[in-house]
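Q: Structure in structure tokens, see below.
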Amino acid sequence: MSTPLLRLLAPLLLLIALAAVLADRPAAAAQNAARGTTQPTTGTREPPLVIASVPWRSEATLTRFYAPLIELLERKLERQVRFFVAGDYRELGERMGAGAVDIGIFGGNSYVEAKEANPALRYLVTSKAPDDHYRSFIVTRADSPIRTLDDLKGRSFAFTDRGSTSGYVYPRMVLRQGGIDPDRDLGPLFMLKRHDKVYDAIARGSVEAGAASSTGYQAAVARNGDHYRLLARSQPIPHNAFVAAPSLPEATFTRLRQVLLDAENDPRFHADSEKVRGFSLRSDAFYDVVREARRLPGG
């Protein structure tokens, strides 16, 4: 075929090829519908759902803990889910307010703080592990001469973070109830950021006593041996709050809540999730006990 003729026919051939592609799209869509799947085109695909947690354990540990949950959400929502651990409690609240995080996983105290800073944050559910509450433990080494709270006077003591419920707010309340002023009576104070670091520091003898979440106690015993003496435990503390950013669409919020409430009945999630066993529907008022603890002197 001569070059002038090819030039004349090129536009016609292009139109024929384009028509063939467009004609094939309904057939492909029908095949996907028959299989019960969809293939979103570029520009219509939903962005990933971004979930972040406060750093109550190491990033590697939390990523492992929440992996079954991420798998469940991707499967049920048919949407990519991204998970990361925020640098600290306040960073997560700020990222949610800016719309960079869709769902935040907060401890009770950090949830109350974030809600005060941004009232538009919406309570979603409360995690269960296996119940929807836990406690704060005040511990020392088993071979320590410290046997009562009164013995803590003048001793080095480790908290986790001032934003932590079980690692700071509640143990300070327990100490005050036991006649100890945590700001005046204790020896050197350390903020170790994570609950596992508190348990490890006590086991090594780096600090003489400390406060941490009851949820990490058995793991600490498995890691360091049964070298702990429990001095006191707090009243029940509401478990982690899952919180939606103001920017999350209402339809996504409703669907996500239902998926989470049904999670414990999902065989794959139930078999794989070693930490989070399910979710309960409480309300913002469930965390009023934390607000009360924060109002105490030094809280």
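Q: Starting from residues that are buried (at least 17 other Cβ atoms within 10 Å of the Cβ) and among the hydrophobic types (A, V, I, L, M, F, W, C), keep the ones in segment 128-144 and report whichever is nearest to the chain's Cα centre (by Cα).
A: Ranking the qualifying residues of segment 128-144, first place goes to A129.
Q: While we're looking at this one, here's another question. Can you tell me which residues in segment 167-176 are touching a strand residue (DSSP E or B) at 6+ places or on another chain (Cβ under 7 Å), of a type outside the set (A, V, I, L, M, F, W, C) and farther than 15 Å from F190 by Cα?
A: Listed by number, the list holds a single entry, Y170.
To keep it simple, each residue is scored yes or no on (1) under 17 Å from L192 (Cβ atoms); (2) under 13 Å from the mean Cα position of the chain (by Cα); (3) not assigned by TED's automatic domain parsing to the domain that holds L260.
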residue: R64; (1), (2), (3): no, yes, no
residue: A67; (1), (2), (3): no, yes, no
residue: L72; (1), (2), (3): no, no, no
residue: R75; (1), (2), (3): no, no, no
residue: R82; (1), (2), (3): no, yes, no
residue: V85; (1), (2), (3): yes, yes, no
residue: Y89; (1), (2), (3): yes, yes, no
residue: R95; (1), (2), (3): no, no, no
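Q: Any residue at all in segment 227-242 that is more than 22 Å from T165 (Cα to Cα) and not polar (S, T, N, Q)?
A: Yes: segment 227-242 contains one or more residues that are more than 22 Å from T165 (Cα to Cα) and not polar (S, T, N, Q).
Q: Here's another thing I want to ask about it. Of everything in segment 190-225, what is on the phi > 0 side of the Ramachandran plot and free of Cβ contacts under 8 Å to residues at least 40 places away in the same chain? Give them in sequence order.
A: G225 - this is the single residue of segment 190-225 that is on the phi > 0 side of the Ramachandran plot and free of Cβ contacts under 8 Å to residues at least 40 places away in the same chain.
Q: Taking the conditions exactly as written (out of contact with any helix residue (DSSP H, G or I) (no Cβ under 8 Å at 6 or more places or on another chain) and either modelled with pLDDT of 95 or more or crowded, with 18+ Cβ neighbours inside 10 Å (or both)), does D151 satisfy them or not?
A: Yes.
Quick grid of which residues meet (1) loosely packed, with under 13 Cβ neighbours inside 10 Å; (2) in contact with a Pro (Cβ under 9 Å, 6 or more places away or on another chain):
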| position | (1), (2) |
| --- | --- |
| V243 | no, no |
| E250 | yes, no |
| F253 | no, no |
| L261 | no, no |
| N265 | yes, no |
| S273 | no, yes |
| V276 | no, yes |
| R291 | no, no |
| R294 | no, no |
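Q: In this structure, does K115 turn out to be without any contact (Cβ under 8 Å) to a residue 40 or more places away in the chain and over 24 Å from I70 (Cα atoms)?
A: Considered against the rule, which asks whether it is without any contact (Cβ under 8 Å) to a residue 40 or more places away in the chain and over 24 Å from I70 (Cα atoms), K115 comes out as no.
Q: Out of G163, G167, I need the residue that is of a type in the set (G, A, S), touching a residue at least 40 places away in the same chain (Cβ under 8 Å) and assigned to a loop (DSSP other than H, G, I, E, B). Which one?
A: Exactly one of G163, G167 is of a type in the set (G, A, S), touching a residue at least 40 places away in the same chain (Cβ under 8 Å) and assigned to a loop (DSSP other than H, G, I, E, B), namely G163.
Q: Yes or no: F286 assigned by TED's automatic domain parsing to the domain that holds D102, in contact (Cβ under 8 Å) with a residue 40 or more places away in the chain and within 26 Å of S164 (Cβ to Cβ)?
A: Judged against the criteria, F286 is a match.
Q: Would you check which residues across segment 170-199 are among the aliphatic types (A, V, I, L, M), part of a loop (DSSP other than H, G, I, E, B) and within 30 Å of the chain's Cα centre (by Cα) and list them?
A: L192
Q: Only one of V81, V101 is modelled with pLDDT of 95 or more and touching a Lys or Arg at 6+ places or on another chain (Cβ under 7 Å); which?
A: V101 is the lone residue from the list that is modelled with pLDDT of 95 or more and touching a Lys or Arg at 6+ places or on another chain (Cβ under 7 Å).
Q: On to the next question. With respect to H239, is the statement that it is modelled with pLDDT under 95 and surrounded by 16 or more Cβ atoms within 10 Å (Cβ to Cβ) true?
A: yes
Residues are listed down the side, and each one gets a yes or a no for (1) of a type in the set (D, E); (2) outside the structural domain of L261 (by TED's automatic domain parsing); (3) within 26 Å of R291 (Cβ to Cβ):
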{"residue": "T160", "(1), (2), (3)": "no, yes, yes"}
{"residue": "G163", "(1), (2), (3)": "no, yes, yes"}
{"residue": "D185", "(1), (2), (3)": "yes, yes, yes"}
{"residue": "L189", "(1), (2), (3)": "no, yes, yes"}
{"residue": "T215", "(1), (2), (3)": "no, yes, yes"}
{"residue": "A222", "(1), (2), (3)": "no, yes, no"}
{"residue": "Y228", "(1), (2), (3)": "no, yes, no"}
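The values are calculated or read from the model by the stated rules, or taken from the named source; none is laboratory data. Please read these numbers as outputs of a predicted model, since none were measured by experiment. Cβ atoms come from the backbone with ideal geometry, glycine included; neighbour counts cover every protein chain shown.
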